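Written out below as C-alpha cells is the structure these notes cover.
The values are calculated or read from the model by the stated rules, or taken from the named source; none is laboratory data. The model shown is predicted, which means the values in this text are computed figures rather than measured ones. Positions of Cβ are generated from backbone atoms using ideal geometry, with glycine treated the same way; all protein chains shown enter the neighbour counts.
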Amino acid sequence: MKAAGTHPRRGIQALAIALAVLIAAPTLLAPAVARAEDLKITLVAPLSGRWARQGQLKKMGAEMAIAEINGAGGIKALAGGKIVLREADAGDSVEKAVSAAQRALSREKISVGIGSWLSSFTLGVTEVAERLQVPWFTLSYADNITERGFKYTFQSSPVSSLQAEQALDLILDLARRNNQQIKKAALVGDNTAAIVFFFKPLREKLLKAKGIEIVVDEVWTPPLADATAIIQKLRSTQPDIVFYGATNFPDSIQVLQKVKEFGLKTPIMGVGAWLVTPEYVKTVGKELLDNVMSVTAAHPLKGQEDLVKRFTQRTGEPFMTQDPLVTYAHVWIIKEVAELAKSTDPKALRDAVTKLDLRSGPAASALTPGRIRFDERGRRVGATPIIVQWQGGEPFTVVPAELATRKPVWHGGK
Amino acid sequence: MALGELVQYVVTGLLVGGVYALMSIGLALIFGVMRVVNFAQGDFMMLGMYLTYFLAVGYGVDPLLGALVAIPPFFVLGLVVHRVLLVRVTGGGDPQRLMDAQLILTLGLSLIITNATTMILTPMPRGIRAAYATQAFAVGPVLLNQARSYAFLMALLLAGAVYAFLTRTDLGKALRAAADEPEAAGYQGIDVRAMHGLAFGVGIALVAAAGGLLATYHPIEPTVAVNFIVLMFVAVVLGGLGSIPGAFAGGLLIGLVQSLTLLVLPFQLQNVGVFIAFLLVLYFRPQGLFGQRLRAV
C-alpha cells in the first residue's frame, strides 16, 4: 500500500517538474534566439526643389544597398535585423534641410543618418546630428564640414581644397603630355560651399604657385539670370582652362549652351558630380559635352561593371554616378559598423565607426583607395578624388589611371 | 570697354527682358481686371514649358510653334480654374477678407501644382534640344542668340496682339471697363464675372506661351517658377500695377538692368541692380512707370 501510495505522488511530482520545465523553457532559451532588432537609418536629401534630382539618385543608391543587405539576411550581429530607411526631404534651402533633419531624428529612434548632398545643407544638418548624438555620413566636399571638431560627422569624400590641388596637378600633367601650356585660368561658378572651398585655394595660392594668372573670376548666387556676360569675358580673355562650378542644373545648361554659341574651345574642368548626370546628354547633346571633365568624390571604377549593371537594370538609369554610388557605399558602411557595434545605439555605432577599418567588401571597393577608415576629424583616410570625362555621351573614370575605365582626352586647342 | 561689348550687354538684356515682359503682362492683366495677386502664375508658366516640351519630344513640334499651341488649352484651363476656384474669392464682400482668401488660394494652388508635377513627372530636369538654342546671329561683333531672338520677336507679337485685343475689340473694351469700374460696367450690361474669367484665361494663356518660348533655351523642372515669379511681380509693380504696357516695359527694364548691372557690380550682385532700380522708381514714381496716381477721397 505504501509503495503503491507513493507511486502516484511521484508521478504527479514528475509531471509538475516536466510542466515547469516546459513553461520555463522559452525564458531559459530566450538569449539564444534573441528577437531581431531593425536598424533605422535616415537619408536627409533634397527630394523637392532645384536639387531634387540629386536626392532622388542618392535614394536609388540607398535602396539598392538596403535591398542587397536585407535580402542576404540583414545584420548578423543584430540577429538578422533589417535596415529600415526613413527618408526626409531637405528641400531647397538650409533652413528646410535642418528642419527635416530635426524632424527625422526626433520622431523616432534613428541610429545613423546620411546626407545632405549640398555642402551648405550638410553644414546645417550635421549640427543637428551632433547635438542629438547621431552618427552622420556625408559625401559633401566642403572642408569646414569636418573642421568644427564634431564627433558624429563622417565625411567620406576628399575635401574641396584637396580636390582642387589634385585636379590642378592632373590638368597640368595632361596639358604637358599634349604639348599645351596653361598660363591663364578662369574660375566660374556659384557660391555654394563646395565650390567656394574648391576655388579658394586655387585663387589664393595654388594657381599663383604654378605661375598661372586668373583672368576671369566670376561667382554668382543661383539662379543665374543669363550667362552671356560670363562667356563674353571668357571669349575676350581666352583662358587655357576653365574651372567650372555651377551646381544648379539650369545655370549649368545656360553656360554650356553659351560656350557652344560663342564657339569657345577652352577645356572645362567641372567641380562635382552634378556635371556628369544623365540629363545633361538629353538636354545639350553628347557633342557639346565631349571631353568635358569633372572632379568628383567617386565614380564607377574598373572592376565595378557588375555593380553598375545591377544599378542600371534596377533603376532604368543609363549609368551610375557619384550620388547613388557613395550612398550605396554609405549604407554598406553602416551595415559593417552595426556588425562591429552589435547594437543599434547611436553612441555605440559612433564608437564603432572610429574603430572601423574596411579593406574589402562593397563599401571599400566603391571608394578609392579601397579602404574605409576615418581619422579623428571624421575624414576618410586616404580619400582621393576621381576625374571623370564625358566621352561619346557617357562619363568615364579617367583618373586614377589604375582604376580608370577610359584614357583621358585633351580637349584640343582654342 | 569697347562699344561692341556695351552693345552686346544692352542687346542681351533686351532679349532676356522680352520674355520677362510676356510673362509679366499675363500677371498684370489678372491683377488689373480682378485685383487678384496670382502666386500660381509661375506654375502655369512651368506647365506651359512642359506642354511645349512634350509636343516637341513626342510629336516633333517646334517649341516656337508649341508656345502658340499652348495658348488655347491654357486659356480653357484658366477659365476652369476661375470658374471652380477663384470665383469663390472674388466679386464682392469684405475686401480684406477676400484679399486674404485670394492669397491663400493662389499660394496653395502654386504648392499643389509644383508638388503634383514633381510627383507625376519626377524632379528630373528636361530640355528641348533646339539647334537654335546654341546658335547666334552675328551682327558685327555682337552675337544675338537665335532662340532668344525668336522668343523676343514672338513675345513682341503676342504682347502686341493682347494690346490690340484690349484697345480695338468690343470684348477688350468690356474687359477694360470691368477693370476700371466694375459697378458701372455691370450697369452697362457687361458680365463682370465673365470678364474676370476671360482675364484669368488670357493671363494664364499668355504666361504659358511665355513658358513655351522660355523652354527653347531654358531647362524645364517642376520648380522652375521660383526663378521667375519674383521678377514677374517686380516687373508688374515697376510698370504700374495692372498696366499692360507698364508690365511689358517693366519686364524689358529688368532684363536690361540685370545685364548692365554686370558692368559695375560682380555677378553675385546681379539682382541687386534690379532691386535698386525698383526702389528708385517707387521712390520717384510710387504709382509705377505707367500707373496712375490714385486720388485720396
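Scanning segment A:134-153 finds no residues that are among the hydrophobic types (A, V, I, L, M, F, W, C), within 14 Å of chain B (Cβ to nearest Cβ) and closer than 28 Å to A:R50 by Cβ. The number of residues in segment B:131-148 that are surrounded by 19 or more Cβ atoms within 10 Å (Cβ to Cβ) and within 22 Å of A:K282 (Cβ to Cβ) comes to 7. Do the conditions hold for A:L85, that is, is it crowded, with 20+ Cβ neighbours inside 10 Å, assigned by TED's automatic domain parsing to the domain that holds A:T321 and closer than 29 Å to A:T315 by Cα? Considered against the rule, which asks whether it is crowded, with 20+ Cβ neighbours inside 10 Å, assigned by TED's automatic domain parsing to the domain that holds A:T321 and closer than 29 Å to A:T315 by Cα, A:L85 comes out as no. Of the numbered criteria (1) within 10 Å of chain B (Cβ to nearest Cβ); (2) among the acidic types (D, E); (3) farther than 26 Å from A:S236 by Cα, the one A:D306 fails is (1).
Among all positions in segment B:18-25, there is at least one residue which is in contact with a Pro (Cβ under 9 Å, 6 or more places away or on another chain), more than 12 Å from every other protein chain (Cβ to nearest Cβ) and assigned to a helix (DSSP H, G or I). With respect to (1) under 13 Å from the mean Cα position of the chain (by Cα); (2) at pLDDT 90 or above, the lone exception for B:L253 is condition (1). Residues that are without any contact (Cβ under 8 Å) to a residue 40 or more places away in the chain and acidic (D, E) do occur in segment A:164-175.
B:A161: free of Cβ contacts under 8 Å to residues at least 40 places away in the same chain, in a helix (DSSP H, G or I), within 17 Å of the chain's Cα centre (by Cα) and more than 14 Å from chain A (Cβ to nearest Cβ), yes or no? Spelling it out, B:A161 is indeed free of Cβ contacts under 8 Å to residues at least 40 places away in the same chain, in a helix (DSSP H, G or I), within 17 Å of the chain's Cα centre (by Cα) and more than 14 Å from chain A (Cβ to nearest Cβ).
Condition first: hydroxyl-bearing (S, T, Y) and closer than 26 Å to A:A227 by Cβ. Can you find one or more residues in segment B:217-228 that meet it? Taking every residue of segment B:217-228 in turn, at least one turns out to be hydroxyl-bearing (S, T, Y) and closer than 26 Å to A:A227 by Cβ. Quick check on segment A:356-373. Is at least one of its residues among the charged types (D, E, K, R) and touching a residue at least 24 places away in the same chain (Cβ under 8 Å)? No, every residue in segment A:356-373 fails to be among the charged types (D, E, K, R) and touching a residue at least 24 places away in the same chain (Cβ under 8 Å). Any residue that is basic (K, R), part of a helix (DSSP H, G or I), within 14 Å of another protein chain (Cβ to nearest Cβ) and out of contact with any Gly (no Cβ under 7 Å at 6 or more places or on another chain) - is there at least one of those in segment A:230-249? Yes; the residues of segment A:230-249 include at least one that is basic (K, R), part of a helix (DSSP H, G or I), within 14 Å of another protein chain (Cβ to nearest Cβ) and out of contact with any Gly (no Cβ under 7 Å at 6 or more places or on another chain). Within the group A:V112, A:V134, which residue is buried (at least 20 other Cβ atoms within 10 Å of the Cβ), touching a Pro at 6+ places or on another chain (Cβ under 9 Å) and closer than 20 Å to A:R373 by Cβ? Just a single option satisfies the conditions, and that option is A:V112.
A:G272 falls short on exactly one of the conditions (1) in contact (Cβ under 8 Å) with a residue 60 or more places away in the chain; (2) of a type outside the set (A, V, I, L, M, F, W, C); (3) at the interface with chain B (Cβ under 9 Å from one of its Cβ atoms); (4) within 20 Å of A:A298 (Cβ to Cβ), and that condition is (3). Against the test of being within 14 Å of chain B (Cβ to nearest Cβ), aliphatic (A, V, I, L, M) and either under 24 Å from A:E165 (Cα atoms) or part of a loop (DSSP other than H, G, I, E, B) (or both), the options A:L256, A:L264 yield a single qualifying residue, A:L264. Within segment A:212-240, the residues that satisfy the criterion of being farther than 26 Å from B:V142 by Cβ and modelled with pLDDT of 95 or more are A:I212, A:E213, A:I214.
Residue by residue, here is whether (1) over 22 Å from the mean Cα position of the chain (by Cα); (2) surrounded by fewer than 19 Cβ atoms within 10 Å (Cβ to Cβ); (3) closer than 23 Å to B:Y132 by Cα; (4) not assigned by TED's automatic domain parsing to the domain that holds A:S120 holds:
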| residue | (1), (2), (3), (4) |
| --- | --- |
| A:F199 | no, no, no, yes |
| A:K205 | yes, yes, no, yes |
| A:K210 | yes, yes, no, yes |
| A:V215 | yes, yes, no, yes |
| A:I230 | yes, no, yes, yes |
| A:L234 | yes, no, yes, yes |
| A:D240 | yes, no, no, yes |
| A:F249 | no, no, yes, yes |
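One residue stands out among those in segment B:116-132 that are part of a helix (DSSP H, G or I) and more than 7 Å from every other protein chain (Cβ to nearest Cβ): the one that is modelled with the lowest pLDDT, which is B:A131.
Take the residues in segment B:213-230 that are under 12 Å from the mean Cα position of the chain (by Cα) and crowded, with 24+ Cβ neighbours inside 10 Å, then tell me which one is farthest from B:L107 (Cα to Cα). Break it down stepwise before answering.
Let us first name the residues in segment B:213-230 that are under 12 Å from the mean Cα position of the chain (by Cα), namely B:213-214, B:225, B:228-230.
So of that shortlist, the ones also crowded, with 24+ Cβ neighbours inside 10 Å come out as B:213-214, B:225, B:228.
On the way: B:L213: 25, B:L214: 23, B:A225: 13, B:F228: 15 Å.
The selected residue is B:L213.
Evaluated against (1) touching a residue at least 40 places away in the same chain (Cβ under 8 Å); (2) away from chain A (no Cβ under 14 Å); (3) more than 30 Å from A:K233 (Cβ to Cβ), B:R88 falls short on exactly one condition, (1).
Looking only at segment A:137-144, decide whether some residue is closer than 22 Å to A:Q322 by Cβ and surrounded by fewer than 24 Cβ atoms within 10 Å (Cβ to Cβ).
We begin by selecting, within segment A:137-144, every residue closer than 22 Å to A:Q322 by Cβ; these are A:137-144.
Next cut, surrounded by fewer than 24 Cβ atoms within 10 Å (Cβ to Cβ) only: A:143-144.
The answer is yes; a qualifying residue exists.
Can you name the helices (runs of 4 or more DSSP H) wholly within segment A:274-322 that have at least 1 residues being in contact with a strand residue (DSSP E or B) (Cβ under 6 Å, 6 or more places away or on another chain) and not charged (D, E, K, R)?
In segment A:274-322, A:286-289 are the helices (runs of 4 or more DSSP H) which contain 1 or more residues that are in contact with a strand residue (DSSP E or B) (Cβ under 6 Å, 6 or more places away or on another chain) and not charged (D, E, K, R).
The lone criterion from (1) within 14 Å of another protein chain (Cβ to nearest Cβ); (2) surrounded by fewer than 22 Cβ atoms within 10 Å (Cβ to Cβ) left unmet by A:T277 is number (2).
If the condition is being away from chain B (no Cβ under 14 Å), surrounded by fewer than 22 Cβ atoms within 10 Å (Cβ to Cβ) and among the small types (G, A, S), then segment A:280-303 contributes only A:G303. Considering the conditions (1) within 14 Å of chain A (Cβ to nearest Cβ); (2) assigned to a helix (DSSP H, G or I), B:T216 is excluded by exactly one of them, (2).
The residue pairs whose first member lies in segment B:260-273 and is without any contact (Cβ under 8 Å) to a residue 12 or more places away in the chain and more than 9 Å from chain A (Cβ to nearest Cβ), whose second member is part of a helix (DSSP H, G or I) and of a type in the set (A, V, I, L, M), and whose beta carbons are closer than 6 Å, counting only pairs six or more residues apart or on different chains, do not exist in this structure.
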